[in-house]
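Read the figures in this text as sums done on the coordinates, not as results from a lab. Everything numeric here is computed off the predicted structure, so don't read it as measured data. Backbone-built Cβ (ideal geometry, glycine too); neighbour counts: all protein chains shown.
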Amino acid sequence: MRLQTSTWPEIETYLEHSDGIIVPIGSTEQHGPNGMLGTDAICPETIAFGVAESIEILVAPTLSIGQAHHHLGFPGTIALRPSTMMAVLVDMVRSLYRHGFRHVYFLNGHGGNVATVNSAFQEIYAQSSFDEIGLSDLRLKLCNWYMTESVGRISKELFGDQEGSHATPSEVSLTFYAYPDEVKDASMSPTIAPIGAIRDADDYRAQFADGRIGSNPALATVAAGERLFRACVSDVITDYREFMST
Ligand code: NI
């Protein structure tokens, strides 16, 4: 069930038997020579829609712009600074809480979001601790799809030391599975990208000339994406059910 194609009476009915919602969260940022700018949003959104085909769950609109200032040296990247993103997340959760949602499960596709999302969770809980609003029955969870057990196992099997950490063959494969008409072909030089620390946008572009970090996304295929998709959907269903029991 998708929030954006539901009516408010349908949401009201849903809330009579579930207070859970899954929020795909990603980024709009460069993903190397063959990776789509929307990769980090497309991946969790595709998985969330897959989960919704198997179990009764409501999927929120994807938060597709994230903490990606370090990719601003590449055209097409759109970024929120951490403080802006935290404000967005607080308002999203407070909106959902007002309607009766008590379990908000963020399915994330971008490593750069992790610290900011966790800080936003603490900001929200702090509002309750400081008696600004009672939120003691609110449960928040962050799940990074690329770190689920089966995805880690399959990506290691398929791509080994060419997985890297940005513009990975796993995430590019998943976008190719989601959008097979948009599969891109590009040569990679060097074959495996360099690794290093992430600082500001100019420094990033100087270190990582084509945008990749440690990866070889030329290995990406639709078939690999389908395998990762099916395994991750299964992992997320298990994880979501456990979260709902808390
Ligand atoms: Ni990514």
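Long-range amide H contacts for N144: which residues qualify at under 5 Å (H placed 1.01 Å from N, peptide plane, sequence gap of 5 or more or a different chain)?
Distant-sequence amide H within range of N144: N108.
Given Cβ point charges of +1 (Lys, Arg) and -1 (Asp, Glu) and nothing else, what value in debye, to the nearest 20, does the dipole of the range 3-241 about its Cα centre take?
Here the size comes out at about 320 debye.
On C-alpha positions alone, give me the angle between the axis of helix 39-54 and the longest principal axis of the chain, in degrees, nearest 10.
50
Determine the sum of side-chain charges near H166: Lys and Arg each +1, Asp and Glu each -1, restricted to other residues whose C-beta is under 10 angstrom from that of H166.
-2
Would you mind checking the range 215-246 for residues with the amide N under 12 Å from a putative spin-label position 7 Å along Cα→C-beta of S189?
Those under the cut-off are none; the list is empty.
Quick one: helix 8-17 against the long Cα principal axis of the chain, what's the angle to the nearest 10°, folded into 0 to 90?
80
What is the local net charge at L107, summed over the other residues whose Cβ is closer than 13 Å to its Cβ (Lys, Arg +1; Asp, Glu -1)?
Overall, the nearby charge balance is -3.
Taking only C-alpha pairs under 8 Å that are 6+ residues apart, what is the relative contact order of the chain in percent?
With pairs under 8 Å counted, the relative contact order is 24 percent.
Treating only the Cα positions of the chain as identical point scatterers, give the base-10 log of I(q)/I(0) from the Debye formula at each q in 0.07, 0.13 Å⁻¹.
-0.24, -0.80
Pairing the Cα long axis of helix 222-244 with the longest principal axis of the chain, what angle in degrees results, from 0 to 90 and rounded to the nearest 10?
Roughly 30 degrees, rounded to the nearest 10.
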